[in-house]
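All remarks here apply to the structure that follows.
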Amino acid sequence: MAAQNPQIFMGNILHCKSRTEMEVIENGYIIVIGSKILAIGQGSTLSDAKAKLCLGNKTPVRTLTESQILIPGLIDTHLHASQYPNCGVGYDKQLLDWLNTYTYPTEKKFADLEFSRKVFKAVVKKSITCGTTTACYFGTIFNASCNVLVDTVIEQGQRALVGKVNMICNAPDDYIELPEKSLANTKEFVKYVNSKYNELVKPIITPRFALSVDKEFMQELSLLAKCEDLHIQSHISETKEEVELVENIYGTFYANAYDEGNLLTKKTIMAHGIYLMHDELKLLARRGTSISHCPDSNLCLKSGALNVKQLWDYGISVGLGTDISGGTYPSVINAMRLCLYLSVHVSFYIKNMVPLTYEEVFYLGTLGGSEALSLQKVTGNFEVNKDFDAIIVDMNVESGLDYLQPCSPRELLQKFIYSGNETNVLSVYVAGKLVK
Ligand code: GUN
Ligand code: FE
């Protein structure tokens, strides 16, 4: 086999093979050729694997130290690139008030392309710096600014789904579009992304939430998604006030409103889903629609507490989202930690509920995210033939920490989830390419 840019990684490797199985390979290796994982195993079998792949001794090897672990890249299944300037602001309000007071006025500013360039460059960089190899972005209603977001993720080498936001009602007059215009602009945007022929970046149909659109318009968007085999994202059942409004306007439950608009598909991911009822959860499971759990946002905006395990019991895929700027920071490390804390808290009030474990939130931040975005064939863990999306975590980056106890790989992962931040993300690889 003619090897193109082969690379070998050696050290302690952790990844999830499924929701219930985390694999730890101590002193393991991964062989990457081009963008793909070609082999993974125990260090003792490396020379056989190299021989099989006809790799010579000149193949570059990156050997991890004792305080480092190699784990799959983190997956942020829901964030608003255009809300980055507002992180940490306005949490004295709840969702609908917050949208009108802070969010829409800020998103309007992205009509200015210089401003778009500046903010998008910063947020994509920060997201990668925090270890996110795949991100699912909301842009704005403006095509030109969304094109800038697409250019920015391509420039910085992140894997991404990027959505031009659709809003036709219930927002300021200068931050909505006429339905025909919004649909035409969405088609244009899809064309723009496809014209880039970039394997890593795809368009995603993005009606903001049920209150920003109507049934007919949802149906138009769903036709477009069907014709072009596109992903779909939106928000669902985030707050009680929102749920009540949706039910009044649509005359049915929230999930049914989307279903009547044909927006619930296998490639749909909905953020939040806190107040979904039994029949709605069954409907989502039947349609194969996933949920992005955004604990930071749900706490800051005081929206509510999702019970992830309940969604799993219904057979619904769940990933984690930072949901900036409902959330405070575009870091899935934070999302994993807050997901754990929230789950522990919820378990105090639910009889016999066992809270999520660190292995389970690791799954949610990696393989779970890829499943929720229907990207599990390409990313999420270290299977042969998947792309090499990975991060090297170092839990001893500060000098003078020689008082640290030696930690096992599992303990290093715990330390990362409970006490890590972006400084512990030493390197980030997307499709075999070093991007941090
Ligand atoms: N629902 C509709 N729009 C938004 C948004 O921008 N953020 C959050 N968290 N929820 C929403
Ligand atoms: Fe959101």
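Some notes on this structure:
- Hey, K50 basic (K, R), assigned to a helix (DSSP H, G or I) and over 24 Å from the mean Cα position of the chain (by Cα) or not: yes
- Of the listed requirements (1) away from ligand 1 (no atom under 15 Å from the Cβ); (2) more than 23 Å from the chain's Cα centre (by Cα), V243 misses just one: (1).
- Checking region 79-96 against the condition returns a match, with at least one residue being under 30 Å from V318 (Cβ atoms), more than 16 Å from ligand 2 (Cβ to nearest atom) and of a type outside the set (S, T, N, Q).
- Residue pairs meeting the criteria (Cβ under 6 Å; at least 6 apart or on separate chains; first under 19 Å from D76 (Cβ atoms), in region 374-387; second of a type in the set (S, T, Y)): Q376/S370; T379/T134; T379/S370; G380/T366; G380/S370; D387/S35; D387/T379
- Which numbered condition R337 misses (of (1) under 25 Å from T268 (Cα atoms); (2) charged (D, E, K, R); (3) in contact (Cβ under 8 Å) with a residue 24 or more places away in the chain): (1)
- Counting residues in region 199-207 that are among the acidic types (D, E) and buried (at least 18 other Cβ atoms within 10 Å of the Cβ) gives zero.
Here's the yes/no breakdown for (1) at pLDDT below 95; (2) closer than 21 Å to E180 by Cα; (3) touching a Phe, Trp or Tyr at 6+ places or on another chain (Cβ under 6 Å):
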position: K226; (1), (2), (3): no, yes, no
position: L230; (1), (2), (3): no, yes, no
position: Q233; (1), (2), (3): no, yes, no
position: E241; (1), (2), (3): no, no, no
position: E244; (1), (2), (3): no, no, no
position: E247; (1), (2), (3): no, no, no
position: Y254; (1), (2), (3): no, no, no
position: A257; (1), (2), (3): no, yes, yes
position: K266; (1), (2), (3): no, no, no
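- Residue within region 246-267 that is within 18 Å of S374 (Cβ to Cβ), of a type outside the set (S, T, N, Q) and within 15 Å of ligand 2 (Cβ to nearest atom) present: no
- So D313, is it without any contact (Cβ under 8 Å) to a residue 24 or more places away in the chain, of a type outside the set (A, V, I, L, M, F, W, C) and in a helix (DSSP H, G or I): yes
- For Y104: the one exception among (1) more than 16 Å from ligand 2 (Cβ to nearest atom); (2) over 30 Å from N381 (Cα atoms); (3) of a type in the set (S, T, Y): (1)
- So G273, is it surrounded by fewer than 22 Cβ atoms within 10 Å (Cβ to Cβ) and on the phi > 0 side of the Ramachandran plot: no
- For region 302-337, a residue qualifies if it is within 16 Å of ligand 2 (Cβ to nearest atom) and either surrounded by fewer than 24 Cβ atoms within 10 Å (Cβ to Cβ) or among the hydroxyl-bearing types (S, T, Y) (or both), and the qualifying residues are K302, S303, G304, T322, S325, T328, Y329, S331, N334.
- Checked against the criterion of being outside any helix (DSSP H, G or I) and touching a residue at least 12 places away in the same chain (Cβ under 8 Å), the candidates L299, L306 yield just one match: L306.
- Count of residues meeting criterion [surrounded by fewer than 20 Cβ atoms within 10 Å (Cβ to Cβ) and within 15 Å of ligand 2 (Cβ to nearest atom)] in region 107-133: 0
- Residue within region 159-173 that is of a type in the set (D, E), out of contact with any strand residue (DSSP E or B) (no Cβ under 9 Å at 6 or more places or on another chain) and more than 30 Å from L426 (Cα to Cα) present: yes
The values are calculated or read from the model by the stated rules, or taken from the named source; none is laboratory data. On a predicted model such as this, the values are computed, not experimentally measured, just so you know. Glycine gets a Cβ as well: all are built from the backbone with ideal geometry, and neighbour counts include every protein chain shown.
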